[in-house]
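Structure provided below as structure tokens; questions to follow.
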Amino acid sequence: MIGVFDSGFGGLTVLKDVVKRLPHYDYLYLGDSARVPYGERPQETVYEYTLQAMEFLFRKGCVLVIIACNTISSRALRKIQQEFLPGRYPDRRVLGVIRPSAEELMARGCAKVGILATNGVVNSKIYTEELEEAEPPIEIFYQACPLLVPLIEAGRHDENGCDTLVSQYLDELFRQDGGIDTLLLSCTHYPLLYESFRRHTPSNVALLSQGPIVADKLENYLTRHTEVEERLSRKGGRVFFSTGPLEPFNRLAGAFYGHAVHALPAVLDSAESVGKKRG
Ligand code: DGL
């Protein structure tokens, strides 16, 4: 199976595009809705939570996991790939959303990019790092939007308050530099507010969501890594797990994903027991 992991519902915006592009594979989605948002949490905590999620997904049979979350991709992915996998799951693969997005920005030849994200991503400056070698150079401007994920997770994305916040965050971003040519929704929750972001963004500025980008890059990855691709099951199955209460998850996840969702409860190992296994 292909596992898709996010702190909550956000990763479903990525799953939707990935499934559209590669429908024949089996997918397992895990949302850690009991502990969302991750965006304001310390790096160590995000790493511990992610280890617990990886244990869960690998035990369920995922060969490949997409971390459909910028916060986790910026705070924990490298350590998972370099320290956790080689010792414990050398035959599994974990990919994130930052690298594919950075590649897309370079391929588009952007000059000035606005990154809309959680505080965790903004503070990590991960996009600056990933785009350091870009030729021609890309200037990056960050704007944290910390109030959006809690509102989206509470199912309040349609309220006027959300639209007002989007407009304020964009004003702050464009005050940093009026010449920004591209905006990247660098939080997988934000595509739920795409219309609102579009309305408050000048029409000559490109507005990118990560779902189609990740779907493209994943398709390309699987063509290059046949040793992974050959191990993926392909019955077109979709299974959803949530660590939080199931009724609100199913209701809101349906809106994110565009189809009815019947999630199963996920119980993750405590950080302590994952730590023991690691040791
Ligand atoms: N969806 C996550 C991201 O892409 C953020 C959600 C959170 O703060 O937990 O960054």
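For segment 180-198, does any single residue satisfy the condition of being more than 16 Å from the ligand (Cβ to nearest atom), open to solvent by 40 Å² or more (accessible area, probe 1.4 Å) and of a type in the set (Ser, Thr, Tyr)?
Scanning segment 180-198, I find no residue that is more than 16 Å from the ligand (Cβ to nearest atom), open to solvent by 40 Å² or more (accessible area, probe 1.4 Å) and of a type in the set (Ser, Thr, Tyr), so the answer is no.
A further question follows. With the condition kept exactly as written, say whether any residue in segment 150-159 is over 30 Å from VAL65 (Cα atoms) and open to solvent by 10 Å² or more (accessible area, probe 1.4 Å).
yes
Let me ask something additional. Testing ARG75 on (1) in contact with a Gly (Cβ under 9 Å, 6 or more places away or on another chain); (2) modelled with pLDDT of 95 or more, one condition comes back false. Which one is that?
Checking ARG75 against (1) in contact with a Gly (Cβ under 9 Å, 6 or more places away or on another chain); (2) modelled with pLDDT of 95 or more, the one that fails is (2).
Something else: List the helices (runs of 4 or more DSSP H) that sit entirely inside segment 32-100 and contain at least 2 residues that are within 9 Å of the ligand (Cβ to nearest atom), in contact with a Pro (Cβ under 7 Å, 6 or more places away or on another chain) and not aliphatic (A, V, I, L, M).
Those helices (runs of 4 or more DSSP H) do not exist here; none qualify.
Do we find that ALA154 is among the hydrophobic types (A, V, I, L, M, F, W, C), without any contact (Cβ under 8 Å) to a residue 24 or more places away in the chain and farther than 18 Å from GLN210 by Cβ in this structure?
yes
So GLY244 ticks every box in (1) in contact (Cβ under 8 Å) with a residue 40 or more places away in the chain; (2) in a helix (DSSP H, G or I) but one. Which box is left unticked?
For GLY244, the exception is condition (2).
On to the next question. Inspect all residues belonging to segment 270-278 and state whether any of them is at pLDDT below 95, open to solvent by 40 Å² or more (accessible area, probe 1.4 Å), in a loop (DSSP other than H, G, I, E, B) and more than 16 Å from the ligand (Cβ to nearest atom).
Yes; the residues of segment 270-278 include at least one that is at pLDDT below 95, open to solvent by 40 Å² or more (accessible area, probe 1.4 Å), in a loop (DSSP other than H, G, I, E, B) and more than 16 Å from the ligand (Cβ to nearest atom).
Confirm whether ALA111 is closer than 29 Å to LEU165 by Cα, surrounded by fewer than 20 Cβ atoms within 10 Å (Cβ to Cβ) and touching a Gly at 6+ places or on another chain (Cβ under 6 Å).
When the stated conditions are applied, ALA111 does not pass them.
Still on this structure, I have one more. Applying the selection to segment 115-142, what residues are among the small types (Gly, Ala, Ser) and either open to solvent by 10 Å² or more (accessible area, probe 1.4 Å) or over 14 Å from ILE98 (Cα atoms) (or both)?
Residues satisfying the conditions are SER124, ALA134.
The values are calculated or read from the model by the stated rules, or taken from the named source; none is laboratory data. Being a predicted model, the structure only gives us computed values, none of them experimental. Using ideal geometry, Cβ is built from the backbone for each residue, glycine included, and neighbour counts are taken over all protein chains shown. For accessibility, only protein heavy atoms count, side chains too; no ligands or nucleic acids. Shrake-Rupley method; radii C 1.70, N 1.55, O 1.52, S 1.80 Å.
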